[in-house]
Structures are given as C-alpha cells and as structure tokens.
1. What residues of region 158-182 lie in the reach of a label at Thr263, counting those whose backbone N is under 18 Å from a point 7 Å from the Cα along Cα→Cβ?
2. Rounded to the nearest percent, how much of the accessible area of region 1-51 (1.4 Å probe, protein heavy atoms only) is carbon and sulfur?
3. Quick one: if the Förster radius is 51 Å, what FRET efficiency do Arg39 and Arg181 give, using the C-beta to C-beta distance and rounding to 0.05?
4. What 222 nm value per residue comes from the helices of the chain, counting each DSSP H run with n ≥ 4 as -39,500 (n - 2.57) and dividing by all residues, nearest 500 deg cm²/dmol?
5. Between Ile221 and Thr60, what length comes free when the chain is fully extended (0.36 nm per residue of separation minus the Cα-Cα distance, one decimal in nm)?
6. With every protein chain left in place, what is the accessible area per residue of region 238-298 in square angstrom, probe 1.4 Å?
7. What nm distance separates the two modelled labels at Arg159 and Leu81, each placed 7 Å from Cα along Cα→Cβ?
8. Would you mind working out the accessible area per residue for region 160-210, using a 1.4 Å probe, and quoting it in Å²?
Amino acid sequence: MDVDTRLLRYFAAVAAEGNLTRAAARLFVSQPALTKQIRQLENLLGVELFARSREGMALTPAGEALAGRVPALLGEWDLALRETRQAAGRAARVLRVGFLASAANEATPRIIAEFARRRPGWRVDMRQASWGDPTGGLADGEVDIALLRLPFPGQDRLRVRELFSEPRWVALASAHPLASRKSIDFADLLDEPFVAAPAETGGWRDYWLGVDERTGRAPRIGAVTDQPDEWLSAIANGYGIALAPESSARFYARPGITYRPVTGVAPSRVGVAWKAEPEPDPVMRAFVECCIEIAGAL
C-alpha cells in the first residue's frame, strides 16, 4: 500500500490540534480540502482514525497507534530527502537557491557573483517558486536556501537573516480613479477589491492584503493568482488592486498598470532563509555572508 506523505502530515496536524479549523489554518489549506484528505487516508488504511463530534476530532485507538509513529516517520523521511538532494547538489557543486518574484531585486546578481568569487567551481541554481509556496521551496526541501519576503509561513522553524526593507506600494489599473494621485493612503484602499495570493498561504496572503492595517475590516477579493503574469493581468483588467514592493514598479512595469506609493502600511522586508542544521554548512554559510555583505552596501 502506498500512502502519500502529505496525507500523513495532514493527519499529524489534525491529531495535534484536535480540531479541523485550527489544523487547516496551521497547514494553510481550506477546511473542506483537509476533511477530504483525512477521509482519503482512512479509506486507504481501512480504519477510522478520528471520532468526530461538535467538540472536535478525537483519536480512535487506531488513530492513537498511527499518531505515535507518524512524527518519527516524517522526520526521518524529511531528513533523508534533504540529505539526498544536498548530496546530489554537493557532488555537482550546485547550490539550489529558491526565490519569489524578483528575490533580492538588483542585489541578486551581485550576490551570485560574489558567491562565485568566494567559491570557485560552484554554481548557483536559482529556482523561482509560485506564490503558493512563500517558503520558496524550503518547506519541501526543493532548495538549500532561499531569498524571501518576510514574514512567511513557518518562518519560526527556519534560520532567517533579514537583509533590507523597501516600501510597499500599490499596483492598480492605469484607468483606476486613484491612479492619478502621486501617493495614496491605505485607508482609501480598504473598500477596493484586491488581487490575492492563494488562501493556503495564510499569513503571507494576509500581509499582502494589509490585514494588520485594516483594523478588523475584511478585505474584498477580486481575483486569486499565484504567478506574476497572472497577477499583472488581473490588475490590468481591473479585477483588483494589489500591494507590492516598490521594486515591482521596475521589475514588473507593464502598459495598463500604474504603481503608486502607499502611506499607512509597514514596509516589505527581504531576508535569506535556510534550514536549521546541527552543523553549519560552509557553502550555505558563504552564501549567507555574501547576502549580508551585498545588502549592507545597498
């Protein structure tokens, strides 16, 4: 019998939380999707893992037996996967670096060049992740290290070094009535529809919807996208507006879209993140040092 490790991760979250709503929030998935996955696991195993009630999800004896084994099983699998991929990268002298959108902006090529100078013979493989994975591939072990926008889900379980910050602006259709202003207060955007990241990104999506600055007012969602091209099209077509880093005006300039400074929101922060390891990896440490040095010179 083959069981997807994702199903086991979902099971472990529900077992730990004892509640579908809290587990769904922890996993950054919708509650109906989580319910479906738990049922799928039960069907595969041929047993009921949870006793369901208004009070929550209580483990059955079968569920308790599985819950006692799953954390160690997943931990070993994650370690094996990470070590396998790292070994392949080390053998090929390749450092896999994940990133979202424009990564560290104009600093990225300089970071890579400095790393190549310090580590002759090594190559940086830049891997762009969709906005559906704000960890840039770190969560699944797809990359060794990542250049990311802070904050992001699971940040507290990784090593993170903040590099620099930049103001958040707003991207809107050039025909939008507010596009003629030189600067826009966030209070004037509260009733506007927003182009949002997928719901499963949780707090990362909330950050780019300005939830902390809304004083309890729920955002209106005009469209959901997880790729820059889709995001740009949705804005240009008037489905919604979006908060964006100031650098988006340079990296994602497009006819029909206007970028304007926004007051009343905190700036966007860029950081470098990597998995916490018992022994620091010298290659990743060299890359982090390059990031810090180049960012400090900005």
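The values are calculated or read from the model by the stated rules, or taken from the named source; none is laboratory data. As the structure is a computational prediction, the values presented were derived from the model and not from experiment. Note that each Cβ is placed from the backbone with ideal geometry, even for glycine, and that neighbours are counted across all protein chains shown. In case anyone asks, the SASA skips ligands and DNA or RNA and just uses the protein heavy atoms, side chains included. Shrake-Rupley method; radii C 1.70, N 1.55, O 1.52, S 1.80 Å.
1. 167-171, 178-182
2. On the way: 1390 of 2790 Å².
Carbon and sulfur together cover 50 percent of it.
3. Details: r = 51 Å, r/R0 = 0.99.
After rounding to 0.05, the efficiency reads 0.50.
4. Working: 9 runs with 114 residues, N = 298.
Per the formula, -12000 deg cm²/dmol.
5. Numbers: separation 161, 0.36 × 161 = 57.96 nm, distance 3.92 nm.
Difference between extended and current length: 54.0 nm.
6. Details: 2750 Å² over 61 residues.
Computed with neighbouring chains in place, this is 45 Å² per residue.
7. Going from the Arg159 label point to the Leu81 one covers 2.2 nm.
8. On the way: 2140 Å² over 51 residues.
In whole numbers, region 160-210 has 42 Å² accessible per residue.
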